[in-house]
1. For Glu62, indicate whether it is in contact with a Phe, Trp or Tyr (Cβ under 9 Å, 6 or more places away or on another chain), charged (D, E, K, R) and within 30 Å of Val87 (Cα to Cα).
2. For Gln68, indicate whether it is among the polar types (S, T, N, Q) and either loosely packed, with under 12 Cβ neighbours inside 10 Å or more than 16 Å from Leu15 (Cβ to Cβ) (or both).
3. Tell me which residues, restricted to region 43-61, are exposed (fewer than 15 other Cβ atoms within 10 Å of the Cβ) and hydrophobic (A, V, I, L, M, F, W, C).
4. For Gln77, indicate whether it is outside any loop (DSSP other than H, G, I, E, B) and either modelled with pLDDT under 95 or surrounded by 11 or more Cβ atoms within 10 Å (Cβ to Cβ) (or both).
5. Specify the residue that is surrounded by the most Cβ atoms within 10 Å (Cβ to Cβ); the eligible residues are those in region 80-90 that are not in a loop (DSSP other than H, G, I, E, B) and not hydrophobic (A, V, I, L, M, F, W, C).
Amino acid sequence: MQQQLSQRSHLMEALDEVKASNQCNMFDRTCVIQAMQNLGYIEEADWLEANKDNYLDILIGEYQQWMQDNEPESLAQQLARETGLKVIVE
């Protein structure tokens, strides 16, 4: 169980790197696993291969939430934070 948790610890980062690489369609599980291996995420790829029946749930649920939680700050948000100004959202 501990090994399984360890292999999942960087799964979202691995998925994000695969997405950023534009190597494959994220719904193509086989391609995603291969891309993870190519990018050096061997343990995460192995975990995903062993748990491939859960891939769509992970992609649509957990990964989407992770992306929202880890959305990079925009330049306007950064400047507002650094200067104490408010960002106007339209």
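The values are calculated or read from the model by the stated rules, or taken from the named source; none is laboratory data. Keep in mind that what you see is a predicted model, and the values were worked out from it rather than measured. FYI the Cβ positions are ideal-geometry reconstructions off the backbone, even for glycines, and counts take in every protein chain you see.
1. On the way: in contact with a Phe, Trp or Tyr (Cβ under 9 Å, 6 or more places away or on another chain): no; charged (D, E, K, R): yes; within 30 Å of Val87 (Cα to Cα): yes.
So Glu62 fails the test.
2. Details: among the polar types (S, T, N, Q): yes; either loosely packed, with under 12 Cβ neighbours inside 10 Å or more than 16 Å from Leu15 (Cβ to Cβ) (or both): yes.
Answer is yes for this residue.
3. Once the filter is applied, which keeps residues that are exposed (fewer than 15 other Cβ atoms within 10 Å of the Cβ) and hydrophobic (A, V, I, L, M, F, W, C), region 43-61 yields Ala50, Leu56, Ile60.
4. yes
5. So in region 80-90, the residues not in a loop (DSSP other than H, G, I, E, B) come out as 80-83.
Of the ones still in play, those that are also not hydrophobic (A, V, I, L, M, F, W, C) are 81-83.
Details: Arg81: 11, Glu82: 8, Thr83: 8.
Applying the filter and picking the extreme gives Arg81.
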